[in-house]
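Every read-out reported here was derived from the displayed coordinates using simple, explicitly stated rules and does not represent laboratory data. Here the structure is a predicted model, which means the values were calculated and not measured. Neighbour counts run over all protein chains shown; Cβ positions are idealised from the backbone, glycine included.
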Amino acid sequence: MKPIDVVALLTAMLLVANGAGAQQVSDSTFDTRVARPAFAKDGPRLLFDEAHFNFHTADGRYKVFADLATHDGFRLTPNGERFTPARLAGFDVLVIANALGHEDMSNPDAEKAAFTPEECDAVRDWVRGGGALLLVADHAPVGAAARPLGGRFGVDMRNAYAVDPGRAVDGQPGLALFTADGGLDTTHPIVRGREASERVRRVISFTGQSLAGPDSARSILTFSPRAEDLMVGFGQAGRDVPKDKRKSAAGRSQMLAFPFGRGRVVVLGEAAMFSAQLAGPGGRVKMGMNYPGIDNRQLVLNTMRWLARVPR
């Protein structure tokens, strides 16, 4: 069987899903039960953003993520309001997944800032005071929409399509495999977990963009020396992108973790790896935690627990 061109496939799926919502859906068969939840009761209050044209919502394409966090003891509340100090007060963790400047990802306005300057300041100050942020910002146009908020934390977003032949899966540079021998930071608590059974060994991401962070940041997933960002707009990625539209992403990251004031931040440059979706014709393509032979599910749990400061 001919390998799927993942970059082209994901772009096509996003185009269709954004218009009809039928070609990229949450995998309802994925098991989100947690055998040993981190929080038996009174878990951290998690605010899940849905107020900024988010491509991923708690009852939509990020339902598996939301259910997994809930089964681990997080108390999830969907957010339908702009971020203000009053709105953020009382919450422990904020999750923002693929916010946009317009509901139609193919509209040029989708690259406009998803958040007002006041909202960016409110989130920054909330984290600095002890909050925890998971910011997920995928390939173009999401990187541009999230860039002002990322900048408040010293994170650079390329707003491109990241491909890495050095970490390719089955010859597909749009799928990047991170292991102890290639790009996975095995010393970080997010990767180590609380014990050996929670250790993360294999992670796959699905295109996205590359990131660079402040000096305090640790790169959990690091691209190989052969990685590139395809500096093109939404729907323009593929194998035939000219050289002048390719920029080296060598050593850049697809997942950053760092302290910020009294708080903590995790930034992902790719969203699907924290989801479990069915995509493509007939929903036959597994994309995310449901991809076989990987530890993305454990990575999600470990990330949320690190943000919530679960003791080791």
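Miscellaneous remarks
- This model, with +1 at the C-beta of Lys and Arg and -1 at the C-beta of Asp and Glu, gives the chain a dipole about its Cα centre of some 860 debye.
- Residue among S28, V95, V300 farthest towards the positive dipole end of the chain, charges placed on Cβ: V300
- Ranked by the mean number of other Cβ atoms within 10 Å of their residues, highest first, the peptides 37-44, 185-192 fall in the order 185-192, 37-44.
- Projected area, mean over directions - segment 41-173, Cα convex hull, nm²: 9.3
- Membrane-span-like helices in the chain (whole DSSP H runs, Cα extent of at least 30 Å along the helix axis, mean Kyte-Doolittle hydropathy of at least -1.0): none found.
- Between segment 102-138 and segment 250-294, the Cα center-to-center distance that results, in Å: 18
- The residue among L256, H188, T207 whose Cα reaches farthest toward the positive pole of the charge dipole of segment 186-312, with charges on the beta-carbon of Lys, Arg, Asp and Glu, is H188.
- Along its principal axes, segment 115-166 has C-alpha extents of 40, 22, 14 angstrom, given from the largest down.
- Exposure proxy ranking, count of Cβ atoms within 10 Å, fewest first, for T303, T29: T29, T303
- Along each principal axis, taking the top coordinate minus the bottom one, the Cα set of the chain gives 50, 43, 40 Å in descending order.
- For the chain, lysine pairs with C-alpha atoms less than 23 angstrom apart, excluding pairs fewer than eight positions apart on the same chain, total 5.
- Judged by the ratio a/c of the largest to the smallest principal axis of the C-alpha gyration tensor, segment 225-308 counts as oblate, that ratio being 1.5 or greater while a/b is no larger than b/c.
- Distant alpha-carbon pairs in segment 100-232 (separation over 22 angstrom), percent: 46
- Solvent-free Debye scattering, log10 I(q)/I(0), computed from the Cα coordinates of segment 154-289 at q = 0.12, 0.21 Å⁻¹: -0.48, -1.33
- Cβ-placed point charges (K, R +1; D, E -1), dipole of segment 147-303 about Cα centre in debye, nearest 20: 200
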